[in-house]
Amino acid sequence: MRRLTPPPPTARPRAWLRSPTWDLTLLAFCWLPFYVWAVFGLGLDGSWAAGVGSRDALAWATLVALAITYVHRHYTFLLVYGDGETFRRRAREFVLAPLLVFAVVGLCRGTGGMVWKLLLVAVGAWNVWHTLMQRFGILRIYAGKAGCGLQEPAHGRRDLALLWCSVIFVSWITLLLRAETFAGQANARLLLRVVRPLISGTGAWAVLAVLAAGWLAVLLYWLRHEMRAALCLRERLPRWTFLASTLLLLAVFVVHGPIVGYLCFGVAHALEYVAFVHHFGQQKFAQDGATGFTASLLRRPLWAAPLLIGVLLTAFILLRDHRGADLYLVYYLGTSLLHFLFDGWIWKVRRPEVRRPLGVA
């Protein structure tokens with residue numbers, strides 16, 4: 001009887017998404033140049049909010065952060081409406097969603113008052129969720145590439161618990177230790193007025209102790225299961241460095257106040273998104289040989305990225321005199337909501353068409 005030869009073992013995917021240099025500079029720590037420029041170059045710090053620092057520094061940092069955010073948001077539309085395969089998956093929703101979203105935002109703007117303010121609060125809350133969940137998603141991609149149990153949904157829940165426990169813990173520390181940074185902005189002062197009774201007295205420090213103990217317990221629980229994976233340190237580094245960069249971003253809120261922290265988090269989100277889309281597009285369209293506008297651009301990031309970013313920045317600059325107009329506000333908030341919504345539809349790593357270009361087994 002002929003003896004069957006067992007198939008060769010499947011090679012484990014590369015632990016890094018692309019390479020150590022690319023992942024560290026364009027994903028994990030892409031926000032560091034902006035942070036150094038804003039804090040050490042412009043001298044931006046939490047002290048501005050108490051009326052001490054330069055408002056010009058805040059204006060420049062905010063303008064640059066908004067420009068970077070404006071660029072990254074339109075990459076979603078390039079992928080949705082420029083790639084036939086992506087569009088066909090939800091063609092009806094991709095046609096109807098913009099009509100509905102812009103109609104609702106326009107109605108809220110026309111109504112004004114409390115309705116418009118509630119919409120702004122909803123968009124801001126969704127932006128925080130969206131930004132943090134993007135970090136969680138990249139962390140899960142690294143888990144899928146590493147394997148050895150880290151890719152399991154149960155460990156995904158541990159990643160999510162650690163991320164959100166860290167956010168809650170840092171938020172309370174910021175309220176306790178950086179409350180003065182809320183003094184220079186009207187809406188922030190309103191928030192401070194509401195939460196000040198909660199952060200006064202010994203009860204606030206007792207809550208901090210409980211949150212610290214809870215965060216430490218979640219961290220140790222996460223670490224115990226993380227170390228069960230049969231991986232060497234080199235294979236763990238992509239996940240761990242990306243998680244470390246997220247914790248450092250949260251630390252900026254405590255060290256420099258919530259305004260600087262929010263700007264740095266927004267810039268990190270936008271830059272890593274642009275890099276991720278170019279990497280995904282290059283891998284996807286090189287594999288399936290697709291043609292078309294989006295395929296041609298994303299397949300060649302070295303020249304396409306500067307071209308796309310340059311065009312979008314030019315549009316942002318040309319629109320500078322219209323940023324207070326109702327039409328621009330409807331456009332800006334509408335594209336924000338569509339970006340959040342579309343991202344939730346297209347970036348599902350459990351789908352083979354998303355997982356395969358990323359090298360996730």
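The values are calculated or read from the model by the stated rules, or taken from the named source; none is laboratory data. Not measured: the values here are computed from a predicted model. Heads up, the Cβs are rebuilt from the backbone with ideal geometry, glycines too, and the neighbour counts pull from every protein chain shown.
The number of residues in the stretch 75-117 that are among the β-branched types (Val, Ile, Thr) and over 20 Å from Asp343 (Cα atoms) comes to 2. Pairs are defined by a Cβ separation below 7 Å, a sequence spacing of at least 6 or placement on different chains, a first member in the stretch 324-351 that is free of Cβ contacts under 8 Å to residues at least 24 places away in the same chain, and a second member that is surrounded by fewer than 19 Cβ atoms within 10 Å (Cβ to Cβ) and not basic (Lys, Arg); the pairs so defined are Tyr328/Leu319; Tyr328/His322; Lys348/Val354.
Table: residues versus (1) surrounded by 14 or more Cβ atoms within 10 Å (Cβ to Cβ); (2) aromatic (Phe, Trp, Tyr).
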{"residue": "Ser200", "(1), (2)": "no, no"}
{"residue": "Leu219", "(1), (2)": "yes, no"}
{"residue": "Arg234", "(1), (2)": "no, no"}
{"residue": "Phe242", "(1), (2)": "yes, yes"}
{"residue": "Thr246", "(1), (2)": "yes, no"}
{"residue": "Val252", "(1), (2)": "yes, no"}
{"residue": "Ala270", "(1), (2)": "yes, no"}
{"residue": "Trp303", "(1), (2)": "no, yes"}
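Checking Ser336 against (1) surrounded by fewer than 18 Cβ atoms within 10 Å (Cβ to Cβ); (2) under 22 Å from the mean Cα position of the chain (by Cα); (3) among the hydroxyl-bearing types (Ser, Thr, Tyr): exactly one of these is not met. Which one? Result: Ser336 fails condition (1) only.
Give the residues of the stretch 79-114 that are modelled with pLDDT under 90 and either among the small types (Gly, Ala, Ser) or under 18 Å from Ala315 (Cα atoms) (or both), sorted by residue number. Within the stretch 79-114, Gly82, Gly84, Gly110, Gly112, Gly113 meet the criteria. With respect to the conditions (1) in contact with a helix residue (DSSP H, G or I) (Cβ under 9 Å, 6 or more places away or on another chain); (2) over 18 Å from Leu247 (Cα atoms), Ala59 lacks only one, and its number is (1).
Of everything listed in (1) assigned to a helix (DSSP H, G or I); (2) touching a residue at least 40 places away in the same chain (Cβ under 8 Å), the single unmet condition for Ala361 is (1). Scanning the stretch 103-138 for residues being closer than 29 Å to Trp164 by Cβ, small (Gly, Ala, Ser) and touching a residue at least 24 places away in the same chain (Cβ under 8 Å) gives a total of 1. The single condition among (1) on the phi < 0 side of the Ramachandran plot; (2) surrounded by fewer than 16 Cβ atoms within 10 Å (Cβ to Cβ) that Arg135 does not meet is (2). Inspection of the stretch 341-351 finds no residue satisfying the criterion of being farther than 22 Å from Phe94 by Cβ and at pLDDT below 85.
Residue under question is Ala15, and the condition is that it be at pLDDT below 90, crowded, with 18+ Cβ neighbours inside 10 Å, out of contact with any strand residue (DSSP E or B) (no Cβ under 7 Å at 6 or more places or on another chain) and not in a helix (DSSP H, G or I); does it hold? Taking the combined requirement at face value, the residue satisfies it. Mind listing whichever residues of the stretch 202-256 are in contact (Cβ under 8 Å) with a residue 12 or more places away in the chain and part of a loop (DSSP other than H, G, I, E, B)? Within the stretch 202-256, Arg228, Ala229, Ala230, Leu231 qualify.
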